[in-house]
Amino acid sequence: MSFHIVSIDSPQCSLSCRDGQLTCKTVDGERKLPLEDVASIIITSFSASIHSNLFLEAAKHGVALIICEDFKPVSLVLPANRSTDTLLTRALLKLEEKTIARMWQQTVDAKCRNQHALAEHLAPDDRALPALRANAWGRKPHKEAVCAKMFWQIFGRSQGDPEFTRDRASGGLNNLLNYGYAVLLSTILQKLFGVGLDPTWGISHAPRERSTPLAYDLMEPFRRCVDWRVVQWVRQQGGNGASSSPEKPLEVTPEFRKWVTGFPLERVEYLDLTLDVRGCIEGVVRGFRRAVLGGDTKFYRPWTPRNSKWAG
């Protein structure tokens, strides 16, 4: 059974298929993998050369080619017989409302607990931590909004900006977060396309023209990975998070872009395994797909760290 999701991110490479082998040539040498063991190929390299024979062989083996620009999928090349996953489509249509609600509750629980874990690491003595923890592990309605408000207050104080608010249009620290979340969204989309899930169908975020609500849903617990990466960057620059008068302007520079795009390679704990964030996302997405096909939420396991240490 095909199961590998292959990521091609070398700055310059040549992709082809010879004797049933996916072949990738770079300046460092040549690597091969049986195409029959591949489910999809994600190409994020900005200057990859793709031999036409790979398109033909990928189609014969039922392999999807996902071509990205700035890490975001812009083209999905599917074999004709994979243009529609009828089994998955029927499963989505038959999914009960209570199952969808349970999936979203699992997602919110993971998001809120991850917020508390990072807040505790950033500001272990903050007066609002007990209340954040109680809400993160509680069952109150609207806990997502309550935890978000508390988290950003603690986040701001930990960064020397007691007046900080999360506002996409406010500039400064918010611009860094915006860019990091865009990278996260692109990574989620890559994995969704990789396992054949349609991102235009979601479990909470409302569908809109040219939107991908399922990606918005599944990225929620992983936002804290971006938040921590941004904090590390600000600290390395010798500044603080105050958007009004930082020691150094908080701007999305080429150096920051290079730094923040590395967060998918950071190591995290997931289901008794140590994986990079990219691999963890794939595990969550695969579990979600299995839950949809089986109509059983036990297969969907949103990510939370096993402890509250955010060592980066």
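Here are the numbers for this structure:
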read-out	value
Search result, residues across region 182-196 that are surrounded by fewer than 19 Cβ atoms within 10 Å (Cβ to Cβ) and not hydrophobic (A, V, I, L, M, F, W, C)	196
Filtered residues of region 40-59 (kept if part of a strand (DSSP E or B) and crowded, with 18+ Cβ neighbours inside 10 Å)	40, 41, 42, 43, 48, 50
Yes/no for residue 143 being in contact (Cβ under 8 Å) with a residue 60 or more places away in the chain, surrounded by 15 or more Cβ atoms within 10 Å (Cβ to Cβ), assigned by TED's automatic domain parsing to the domain that holds residue 288 and of a type outside the set (Gly, Ala, Ser)	no
Residue among 75, 158, 170 that is loosely packed, with under 15 Cβ neighbours inside 10 Å, among the small types (Gly, Ala, Ser) and in contact (Cβ under 8 Å) with a residue 12 or more places away in the chain	170
The lone exception for residue 195 - which of (1) touching a Ser or Thr at 6+ places or on another chain (Cβ under 8 Å); (2) more than 25 Å from residue 5 (Cα to Cα); (3) not acidic (Asp, Glu) it fails	(2)
Criterion: touching a residue at least 24 places away in the same chain (Cβ under 8 Å) and either of a type in the set (S, T, N, Q) or farther than 28 Å from residue 262 by Cα (or both) - qualifying residue of 51, 4	51
Filter result (among the charged types (D, E, K, R) and assigned to a loop (DSSP other than H, G, I, E, B)) within region 147-161	161
Any pair with Cβ under 8 angstrom, 6 or more apart, that starts in region 256-276 at a residue that is on the phi > 0 side of the Ramachandran plot and ends at one that is surrounded by 12 or more Cβ atoms within 10 Å (Cβ to Cβ) and not β-branched (Val, Ile, Thr)	271/283; 271/301
Residues that are buried (at least 17 other Cβ atoms within 10 Å of the Cβ) and out of contact with any Asp or Glu (no Cβ under 6 Å at 6 or more places or on another chain), drawn from region 197-215	197, 199, 201, 212, 213, 214, 215
Residue 164 vs. criteria among the hydrophobic types (A, V, I, L, M, F, W, C) and either in contact with a Phe, Trp or Tyr (Cβ under 8 Å, 6 or more places away or on another chain) or not assigned by TED's automatic domain parsing to the domain that holds residue 225 (or both)	yes
Region 296-309 residues that are under 13 Å from residue 274 (Cβ atoms) and part of a loop (DSSP other than H, G, I, E, B), paired with ones that are of a type in the set (Phe, Trp, Tyr) and at pLDDT below 95 (beta carbon under 9 Å, 6 or more apart)	303/270; 305/270; 306/270
Matching helices (runs of 4 or more DSSP H) fully within region 162-278 where at least 2 residues are modelled with pLDDT of 85 or more and among the basic types (Lys, Arg)	223-236
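Conditions (1) small (Gly, Ala, Ser); (2) under 20 Å from the mean Cα position of the chain (by Cα); (3) under 30 Å from residue 299 (Cβ atoms), marked per residue:
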site	(1), (2), (3)
12	no, no, no
18	no, no, no
33	no, no, yes
40	yes, yes, yes
45	yes, yes, no
55	no, no, no
93	no, no, yes
98	no, no, yes
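The values are calculated or read from the model by the stated rules, or taken from the named source; none is laboratory data. Everything numeric here is computed off the predicted structure, so don't read it as measured data. Neighbour counts run over all protein chains shown; Cβ positions are idealised from the backbone, glycine included.
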